[in-house]
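One structure below.
The values are calculated or read from the model by the stated rules, or taken from the named source; none is laboratory data. Nothing here was measured: the structure is a model prediction, and the numbers come from that model. In this analysis, Cβ positions are derived from the backbone assuming ideal geometry, glycine residues included, and neighbour counts consider all displayed protein chains.
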Amino acid sequence: MRRAKQYIKLFEPPLFLLIRIHLLRHFGKLFGDKIVDGYTNQNFLKHYVSRGEAFRNQLNAGRTLMISEVTPALGLMLVKTSSPMTILDFGGGTGNQFHIMKTLFPEGKFNWNIIETPELVHHIYQQLQSDTMIVGNSNLSFSSCLHDFSIDKPKIDIIIAASSLQYISDPYSKLIELLNFEARAIHISRMPLTNQEELLVFSQISRLNDNGPQGEAVSSNSQVTNTVYIPNLKKFESIISLKYSYVIILIESLDGYPDSKHRVPLYSIIAYN
C-alpha cells in the first residue's frame, strides 16, 4: 500500500495534487484535534520545543537561513556595540533567534534574555534542568516575568519582539512597558498593523505543523487557535516615536493571515536614538 501511494504521488497531475492538499488541510481543520491558546497547551508546547531543537540541529549542520529569519540582525547593527550585548527578547520562544545571531556573529558575546509564557518557560526548564543555557561565550536565559529586569540589571542594548505583541490583549500597554526599559534600540518584527482605529480582534486558526520554525512535519491534523489583537499603525508608531528619534518602518508581507478573511500587512519596525 505504501509503495502504491508513492506511485500515485509520482503520476498525480499538479492541479489534482493542489486540490488534494487543500482538501486535506480543510478537513484537517474541521475534524482534527482542537488546541486553544497554543502557548499554554502541553501538546502544543511539546511540539514547539521539539521543533526548536530540530531547528538548532539544522543550524549546526549548516542550514541556509531565510531573509525573514535574519531581520533582527538589522537592529543589532544599529546599536553601539557593548560586550556582552544585552538583549531582551519578548516572546522569543525556545531561543531560535539567539542561535541565529550566534550563527551570524560567531565571535559576538550576548547576554540574551527571553520572556515567554510561564507554561513554556516551565517546559524548557524541565528539559534543561535550568533556566539558563551557556553557548560558547554567551548566556541564554528564560523568564516569564518582565519585572525580573530590575534597575540593577545592565543597560539593555536592544529589545526584540518578533510576532509576539499581537497575542497580548492590550498591545499598546505592553509596548509602553517595553519602551520604559529605555533600551538603546527596539526591533519589532512580523507585527500585524491596521489602519482602523479600534483593535482588530479575531481568532487565528492554523495547523500544528505551521507553528514553530520550519522543519520535519509531524503527523497531526491538530488545529491551533489563538486570539490576535492587532493595533493601529499610526498609534503604534506614535508611541514608539515618544522614546526614539529614528523610527524605520518596513513591510514584510501584505497578507499576514492568508487563511483568514482579514488581509493584514506584517511590518518590521526598527527604532533607535
Just one of (1) within 23 Å of L74 (Cα to Cα); (2) modelled with pLDDT of 80 or more trips up P231, so point out which. (1)
Restricting to region 222-247, count the residues that are hydroxyl-bearing (S, T, Y) and closer than 20 Å to T194 by Cβ. 4
For region 123-134, state whether one or more residues are at negative phi and modelled with pLDDT of 90 or more. no
Extreme residue, modelled with the lowest pLDDT, among residues of region 73-85 that are closer than 19 Å to I248 by Cα and out of contact with any helix residue (DSSP H, G or I) (no Cβ under 6 Å at 6 or more places or on another chain): K80
Kindly indicate which of K155, K174, K243 is within 26 Å of M85 (Cα to Cα), at pLDDT below 95 and either touching a His at 6+ places or on another chain (Cβ under 6 Å) or of a type in the set (K, R) (or both). K155
Only one of N180, N111 is within 21 Å of I269 (Cα to Cα) and polar (S, T, N, Q); which? N180
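Residues are listed down the side, and each one gets a yes or a no for (1) among the polar types (S, T, N, Q); (2) at pLDDT 80 or above; (3) surrounded by 17 or more Cβ atoms within 10 Å (Cβ to Cβ):
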site: Q42; (1), (2), (3): yes, no, no
site: K46; (1), (2), (3): no, no, no
site: T64; (1), (2), (3): yes, yes, no
site: I87; (1), (2), (3): no, yes, yes
site: F90; (1), (2), (3): no, yes, yes
site: N96; (1), (2), (3): yes, yes, yes
site: F105; (1), (2), (3): no, yes, no
site: F110; (1), (2), (3): no, yes, yes
Pairs with Cβ under 9 Å, 6+ apart, first in region 260-273 and closer than 14 Å to P231 by Cα, second of a type in the set (F, W, Y) and part of a strand (DSSP E or B): H262/F202
So which residues in region 83-103 are farther than 16 Å from Y48 by Cα, assigned to a loop (DSSP other than H, G, I, E, B) and either touching a residue at least 40 places away in the same chain (Cβ under 8 Å) or among the aliphatic types (A, V, I, L, M) (or both)? P84
One residue is enough: does region 124-142 have a residue meeting the conditions assigned to a helix (DSSP H, G or I), touching a helix residue (DSSP H, G or I) at 6+ places or on another chain (Cβ under 8 Å) and buried (at least 17 other Cβ atoms within 10 Å of the Cβ)? yes
Yes or no: I240 in a helix (DSSP H, G or I) and farther than 17 Å from M77 by Cβ? yes
How many residues does region 109-123 hold that are over 14 Å from I87 (Cβ atoms) and either of a type in the set (A, V, I, L, M) or assigned to a helix (DSSP H, G or I) (or both)? 6
